[in-house]
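*Asks:* Sharing a structure here in structure tokens format.
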Amino acid sequence: MKHIQFAFNTSFTHLDTLILPINDEGEIISLENILPQQSTLNALSKSLSKSGDFSGNVGTTLLLIKPAGIEFQRVLLVGFGAKDKLTTKGYLTSIQAAADALDHCGAIHIVNAAIFAKPAAESIKWAVTQNAQIFQRSFYDYSHESRGSHSLKEPKVESMVFPADDYTAAAHQGQATALGMALTQELANMPSNFCTPTYLAETAIQLGQEFDFDIKILDRKEMIEMGMGSFMSVAQGGDTPPKMICLSYKGGESSQAPIALVGKGVTFDTGGISLKPGAGMDEMKYDMGGAATVLGVFKALGEIKPNINVVGVIPATENMPSGNAIKPGDVVTSLSGQTIEVLNTDAEGRLILCDALTYTQQTYKPSKIIDMATLTGACIIALGHHVSAIMGNNQPLVDALRTAGETTYDRFWQLPLGEEWDEQLKSNFADMANIGGRAGGSITAAQFLARFVKEVDWAHLDIAGTAWISGDKKGATGRPVPALVEYLLTEAKA
Ligand code: BES
Ligand code: MN
Ligand code: ZN
């Protein structure tokens with residue numbers, strides 16, 4: 001993906017496009033006469049407000065070409081609504097609208113004054129990160145060959161100047177986050193006949209070469225020998241080879257225990273013998289959204305190179321029905337030694353994650369584990385599509401992730417854990433069942449994972465509702481890459 005050059009200064013020569021923030025009275029917002037012809041611009045936008053041509057409401061834009069008396073080729077008016085009423089959500093909506101309005105127009109060199117319209121509670125630095133992220137990400141377009149004859153136009157934009165103090169690191173964080181999200185989106189959008197466990201492994205190897213990560217890939221034979229009976233019971237139904245994909249980024253002291261990111265990589269979830277209904281089943285190509293998030297975060301880490309150690313572990317497989325597939329009632333032995341009665345083969349995410357969690361703890365001795373998974377339909381029922389669920393055994397870790405989620409507007413909402421929900425996993429025939437009934441389905445799934453977490457700080461992110469959007473804008477979102485990058489950078493500075 002083409003990279004935008006971000007810069008900070010107040011010289012406006014060679015810039016062809018101005019992004020101008022306007023309130024609902026037609027006034028330029030919070031700009032202390034730093035723009036050329038600012039009073040002419042102010043008079044122009046006020047007259048457009050008066051005439052009803054531009055409301056200045058949140059999310060509205062108006063592109064003016066060669067306005068009289070103005071030296072810019074084009075001026076994009078962007079509405080931010082009523083004074084002092086702007087929310088974080090509203091601000092981001094307007095910036096996104098600005099990026100959409102400039103998508104594939106003639107703009108090449110842009111000055112972006114919309115950072116000054118930020119909500120009162122946020123800093124200019126925050127606004128720079130968000131703008132860099134949103135504009136860089138507007139370059140992402142699903143580009144895989146499987147798309148066929150759709151022709152993709154290369155974006156024209158080359159540079160964006162913020163007329164402010166130097167916040168280069170903030171812009172770089174936003175840009176790296178966008179590049180990570182684009183990788184996450186591309187992998188998730190790719191159909192499962194292309195995006196196989198092997199393809200995810202090759203992507204990790206490529207990232208490893210580009211950014212000097214250590215990469216290790218385990219195959220079916222090795223994992224069977226190691227005793228990953230739970231993960232392998234899911235993989236046994238498919239002919240596509242499963243992989244355990246391990247990435248290691250060392251930016252901190254070698255003595256420092258890493259933070260581990262574990263991502264569910266079910267490249268297609270048919271449900272197995274507990275087959276899913278047909279309607280909308282195509283969306284189960286997105287069931288590797290956790291895996292794609294881990295790879296996207298590693299891409300951002302490679303770009304930013306923060307002072308921290310991070311490992312990524314991705315159990316990747318299809319969940320298929322076949323003559324070899326695991327059947328309801330079958331009992332398997334996990335890598336931890338605990339036995340599991342598989343009452344529903346569609347609750348496969350936890351079956352692959354439990355072995356990945358055990359493997360991660362044994363191999364890397366991490367200080368913290370954060371797992372992310374499109375784990376339960378129940379999560380969508382509980383929280384909808386706007387926030388991911390978070391649960392964990394350590395409140396400071398959960399709080400730190402939630403704070404990072406608020407900062408990036410990639411939010412998490414905490415659900416409880418407790419022995420009452422754990423009891424729902426009781427089995428007459430094994431140490432536990434892999435389902436706990438309909439009630440509290442997201443919590444019992446997390447409770448299952450908790451049984452495989454031994455004395456390490458752990459948080460679980462259920463991203464079933466947030467990893468992709470359905471409907472006519474169907475596509476991966478790149479979440480929760482922003483929150484995780486923000487969290488890791490905050491940890492690196494701590
Ligand atoms: N990948 C699904 C969860 C899912 C479903 C995510 C729909 C997003 C949209 C997961 O493997 C699954 O099938 N979970 C079951 C669990 C149940 C059998 C206990 C579910 O949610 O129905
Ligand atoms: Mn399933
Ligand atoms: Zn699944």
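*Asks:* In debye, nearest 20, what is the charge dipole magnitude of the chain about its Cα centre with +1 on Lys and Arg Cβ and -1 on Asp and Glu Cβ, if you could check?
*Replies:* My answer is approximately 540 debye.
*Asks:* Oh, and also: Within the accessible area of region 176-493, what % is carbon and sulfur when the probe is 1.4 Å and the other protein chains stay in place? Intermediate values should be presented prior to the final figure.
*Replies:* Values: 5940 of 11620 Å².
For region 176-493, the apolar C and S fraction of the accessible surface comes to 51 percent.
*Asks:* From the helices alone, meaning DSSP H stretches of at least four residues, give me the mean residue ellipticity at 222 nm for the chain, per-run term -39500 (n - 2.57), in deg cm²/dmol to the nearest 500.
*Replies:* Details: 14 runs with 173 residues, N = 494.
The helix contribution divided over the chain gives -11000 deg cm²/dmol.
*Asks:* At 1.4 Å probe size, with every protein chain present, just tell me what the per residue accessible area of the chain comes to in Å².
*Replies:* 40
*Asks:* Here is a follow-up. Share of antiparallel DSSP beta bridges in the chain, in percent to the nearest 5?
*Replies:* Working: 29 of 69 bridges.
For the chain, the DSSP antiparallel bridge percentage is about 40.
*Asks:* Still on this structure, please answer the following. For region 92-247, count all C-alpha to C-alpha pairs, find those more than 22 Å apart, and express that count as a whole percent of the total.
*Replies:* Details: 6872 of 12090 pairs.
It works out to 57 percent of all Cα pairs.
*Asks:* How large is the translational diffusion coefficient of region 35-130 in µm² per second when you combine the Kirkwood radius over alpha carbon pairs with Stokes-Einstein at 25 °C and 0.890 mPa s?
*Replies:* D, rounded to a whole number, is 174 µm²/s.
*Asks:* How high is the FRET efficiency from S146 to E25, r the C-beta distance, R0 35 Å, rounded to 0.05?
*Replies:* Values: r = 49 Å, r/R0 = 1.39.
For R0 = 35 Å, the calculated efficiency reads 0.10.
*Asks:* Using amide H atoms built 1.01 Å from N in the peptide plane, name the residues 5+ places from G392, or on other chains, whose amide H lies under 5 Å from its own.
*Replies:* The list, which skips near neighbours in sequence, is H460.
*Asks:* While we're looking at this one, here's another question. Can you compute the label reach from K153? Point 7 Å from Cα along the Cβ direction, backbone N cut-off under 15 Å, restricted to region 82-109.
*Replies:* 100-108
*Asks:* Using only alpha carbon pairs under 8 Å that are at least six residues apart, calculate the relative contact order of the chain and give it in whole percent.
*Replies:* Details: 1132 pairs, mean separation 67.7, N = 494.
Once divided by the residue count of the chain, the mean separation gives 14 percent.
*Asks:* Quick one: of the DSSP bridges fully inside region 5-166, what percent are antiparallel, nearest 5?
*Replies:* Working: 6 of 22 bridges.
Counting only bridges with both partners in region 5-166, antiparallel ones make up about 25 percent.
*Asks:* Using alpha carbon centroids, what distance separates region 30-74 and region 462-493, in Å?
*Replies:* 34
*Asks:* Also: Just how large is the dipole of region 5-166 about the Cα centre, in debye to the nearest 20, putting +1 at every Lys and Arg Cβ and -1 at every Asp and Glu Cβ? Intermediate values should be presented prior to the final figure.
*Replies:* Working: 13 positive and 17 negative charges, 50 e Å.
Magnitude of the dipole: close to 240 debye.
*Asks:* Cα-Cα pairs above 32 Å in the chain: how many percent?
*Replies:* Working: 52351 of 121771 pairs.
Summing the P(r) of the chain above 32 Å gives 43 percent of all pairs.
*Asks:* For region 5-166, give the percent of accessible area contributed by carbon and sulfur heavy atoms, probe 1.4 Å, rounded to a whole number. Provide the component values of the computation, followed by the final result.
*Replies:* Details: 3530 of 7510 Å².
For region 5-166, the apolar C and S fraction of the accessible surface comes to 47 percent.
*Asks:* Further question: Round to a whole angstrom and tell me the spacing of the C-alpha centers of region 122-171 and region 406-421.
*Replies:* Distance between centres, Cα-based: 29 Å.
*Asks:* So how far apart, in nm, are the two label points at Q38 and H3 if each is 7 Å from Cα heading toward Cβ?
*Replies:* It is 3.2 nm.
*Asks:* Over region 5-166, what is the mean sequence separation of C-alpha contacts under 8 Å (at least six apart), divided by residue count, expressed as relative contact order in percent? The partial results should precede the final answer.
*Replies:* Details: 298 pairs, mean separation 51.6, N = 162.
So the answer I get is 32 percent.
*Asks:* Considering amide H positions built from the backbone, and no H for Pro or chain starts, which residues 5 or more places from N309, or on another chain, come under 5 Å of its amide H?
*Replies:* Placed amide hydrogens put G251, G252, I259 under 5 Å from N309.
*Asks:* Name the helices (complete DSSP H segments) of the chain with a Cα length along the long axis of 24 Å or more and a Kyte-Doolittle mean of at least -1.0, or state none.
*Replies:* Qualifying helices, which must be both long enough and hydrophobic enough, are 168-189.
*Asks:* Something else now. Which pairs break 28 Å Cα to Cα here: K243/K473; K66/K156; K153/K250; K118/K156; K118/K368; K216/K285?
*Replies:* On the way: K243/K473 31 Å; K66/K156 18 Å; K153/K250 37 Å; K118/K156 26 Å; K118/K368 34 Å; K216/K285 24 Å.
With Cα atoms farther than 28 Å apart: K243/K473; K153/K250; K118/K368.
*Asks:* Kindly state, to the nearest 0.05, the FRET efficiency for A439 paired with K276, given R0 = 35 Å and r defined as their beta-carbon distance. If you can, show how the numbers build up before the last one.
*Replies:* On the way: r = 21 Å, r/R0 = 0.59.
Efficiency, rounded to the nearest 0.05: 0.95.
The values are calculated or read from the model by the stated rules, or taken from the named source; none is laboratory data. In this text, all values refer to a predicted model and were calculated from it rather than measured experimentally. Cβ sites come from the backbone with ideal geometry, for glycine too, and all protein chains shown count toward neighbours. To get the accessible areas, we keep the full protein, side chains included, count just its heavy atoms, and leave off ligands, DNA and RNA. Shrake-Rupley method; radii C 1.70, N 1.55, O 1.52, S 1.80 Å.
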